[in-house]
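Engineer: Below is a structure I'd like to ask you about.
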Amino acid sequence: MKIQVPLGELSKKMNAISSVVPGKTTMPILSMVLVSAEGSTISFSATDLDISVTSKVAGTVETPGSIAVPAKKIAEIVKSLSGDEVILGVEGEKLTIKCGKSRFSVNGRSADDFPKMPRQESSTEFEVQAPLLRKMIQKTIYAVSTDLTRPALCGVYWEVDRNGLIMVSTDGHRLAKVEAKVDLKNIEKAEVIVPPKALSTFRSYSDNDEMIKVGLGDNSVSIEMNDVSIYSRLLEGPFPSYQKVIPSGNSKALVVTRDELSAATKRVSILSDALTHQVVFSLDRDKLTLHVTTQDLGEAREELEANYADEPMDIGYNAAYIQDILRTIEGDEISFRLDRPDNAGMVMPVDEKGDVKQLCIVMPLRIN
């Protein structure tokens, strides 16, 4: 095999594809990337057996062929190079890399040893704008659980029908829901739970894509972009009935400026408890006061202007959870819909434009 590819393109692809490669594995072949050249197509493939990615690279194929080589080392080498073009060649089971005055020879393995890339029979297929899917992922992925004893919560739940797409995630302490009203033609309704690694991989590749094709199989999802194919196993459900945890009686409204609340929460939480990160929200008429009292550290307090017309109330929140929510909400003002200090609160943008609707739910902490 002998191919020539632009350094910038190769560096970008290797950085993205090496994120799929497992850090530790009992199967050394999974730490490798498969480099293939056939006809006029150059591709790089990686898998951890749950997620598989194949990325095509622009370049020139002088001699076709393929080889499996250590992904992390190749990415590290490519990142260190300077020049315009990289020449990759195969000599036996070694990959040679030439760029400018640099020369490398990296031990590899036969392409036959590399796992076969999976193929999927999709029962549901639809096309969606890549920026929309990226936005929906960004607004939900932060609330995915890391508790492996509850595997259904360790992914983002997708509910797809002809009217659009709903994504929901929860870790039991908070819930993120985003809904996009888009015409998905006459597809059948489908419900799946997608692992966060697959979603993060899509985000790292999709900067230059407008429309993408999504396929849902019995236990897998595929995402097809212009030059990248992503395949992932789905998580087993069922996902909890999220509709039942959305409060229906939260009638007290607090409206506050998003950036001011974010900055104040960050400042006050410096002295919060290292375990709970608790910050107390004290609500009074047209005023919100954030305060922290930690026995070993001290006290912090900050007052913000706000729109609030109900009785005074103190609510404790995990500051990190509030910051996560604020980072995902667009717009200048946000609204808290509240009930009692011990009930879940709803957070949403005041002015929501477009067809995307966002709702966040956060559980309060018992005030110390």
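The values are calculated or read from the model by the stated rules, or taken from the named source; none is laboratory data. From a predicted model like this one, the values you see are computed outputs, not experimental measurements. Neighbour counts run over all protein chains shown; Cβ positions are idealised from the backbone, glycine included.
Engineer: Could you give me the residue pairs with C-beta distances under 8 Å whose first residue belongs to the range 257-277 and is without any contact (Cβ under 8 Å) to a residue 40 or more places away in the chain, whose second residue is assigned to a strand (DSSP E or B) wherever it lies, and which are 6+ apart or on separate chains?
Structural biologist: Once the first residue is without any contact (Cβ under 8 Å) to a residue 40 or more places away in the chain and sits in the range 257-277, its partners that are assigned to a strand (DSSP E or B) give Arg267/Ala300; Arg267/Glu302; Ile270/Ala300; Leu271/Val292; Leu271/Thr294; Leu271/Gly298; Leu271/Glu299; Leu271/Ala300.
Engineer: Where in the range 281-368 are there strands (runs of 3 or more DSSP E), lying fully within it, with 2 or more residues that are out of contact with any Leu (no Cβ under 9 Å at 6 or more places or on another chain) and under 30 Å from Ala180 (Cα atoms)? Reasoning before the result, please.
Structural biologist: On the way: elements: 287-294, 298-305, 313-318, 333-338, 345-349, 356-362.
Once the strands (runs of 3 or more DSSP E) in the range 281-368 are filtered for at least 2 residues that are out of contact with any Leu (no Cβ under 9 Å at 6 or more places or on another chain) and under 30 Å from Ala180 (Cα atoms), what remains is 356-362.
Engineer: If you check Gly331 against the conditions, is it on the phi > 0 side of the Ramachandran plot, in the same structural domain as Ala253 (by TED's automatic domain parsing) and at pLDDT below 95?
Structural biologist: So Gly331 fits the description; yes.
Engineer: Is it true that Ala16 is closer than 23 Å to Ser222 by Cβ, under 22 Å from the mean Cα position of the chain (by Cα) and not in a strand (DSSP E or B)?
Structural biologist: yes
Engineer: With respect to the numbered conditions (1) closer than 17 Å to Ser229 by Cα; (2) modelled with pLDDT of 90 or more, which one is the sole condition not fulfilled by Lys13?
Structural biologist: (2)
Engineer: Among what's in the range 204-226 and is modelled with pLDDT of 90 or more and of a type in the set (D, E, K, R), pick the residue that is farthest from Lys13 (Cα to Cα).
Structural biologist: Only one residue tops the list, namely Lys213.
Engineer: Hey, can you tell me all the residues within the range 48-101 that are surrounded by fewer than 18 Cβ atoms within 10 Å (Cβ to Cβ), aliphatic (A, V, I, L, M) and assigned to a helix (DSSP H, G or I)?
Structural biologist: Once the filter is applied, which keeps residues that are surrounded by fewer than 18 Cβ atoms within 10 Å (Cβ to Cβ), aliphatic (A, V, I, L, M) and assigned to a helix (DSSP H, G or I), the range 48-101 yields nothing.
Engineer: Does the range 185-224 hold any residues that are surrounded by fewer than 22 Cβ atoms within 10 Å (Cβ to Cβ), assigned to a helix (DSSP H, G or I) and small (Gly, Ala, Ser), and which are they?
Structural biologist: Of everything in the range 185-224, those that are surrounded by fewer than 22 Cβ atoms within 10 Å (Cβ to Cβ), assigned to a helix (DSSP H, G or I) and small (Gly, Ala, Ser) turn out to be Ser200, Ser204.
Engineer: All but one of (1) polar (S, T, N, Q); (2) in a strand (DSSP E or B); (3) under 25 Å from the mean Cα position of the chain (by Cα) hold for Ser145; state the number of the condition that does not hold.
Structural biologist: For Ser145, the exception is condition (2).
Engineer: How many of the residues in the range 230-249 are under 15 Å from Gly155 (Cα atoms), of a type in the set (A, V, I, L, M) and not in a loop (DSSP other than H, G, I, E, B)?
Structural biologist: Matching residues across the range 230-249 total 0.
Engineer: Condition first: at pLDDT 95 or above and either among the small types (Gly, Ala, Ser) or loosely packed, with under 15 Cβ neighbours inside 10 Å (or both). Now tell me which residues in the range 344-368 satisfy that.
Structural biologist: Residues satisfying the conditions are Ala344, Gly345.
Engineer: Restricting attention to the range 300-307, does a residue exist that is out of contact with any helix residue (DSSP H, G or I) (no Cβ under 6 Å at 6 or more places or on another chain), modelled with pLDDT of 95 or more and farther than 15 Å from Arg258 by Cα?
Structural biologist: Within the range 300-307, one or more residues are out of contact with any helix residue (DSSP H, G or I) (no Cβ under 6 Å at 6 or more places or on another chain), modelled with pLDDT of 95 or more and farther than 15 Å from Arg258 by Cα.
Engineer: Can you find even one residue in the range 148-165 that is surrounded by 22 or more Cβ atoms within 10 Å (Cβ to Cβ) and in a loop (DSSP other than H, G, I, E, B)?
Structural biologist: Yes, the range 148-165 contains at least one residue that is surrounded by 22 or more Cβ atoms within 10 Å (Cβ to Cβ) and in a loop (DSSP other than H, G, I, E, B).
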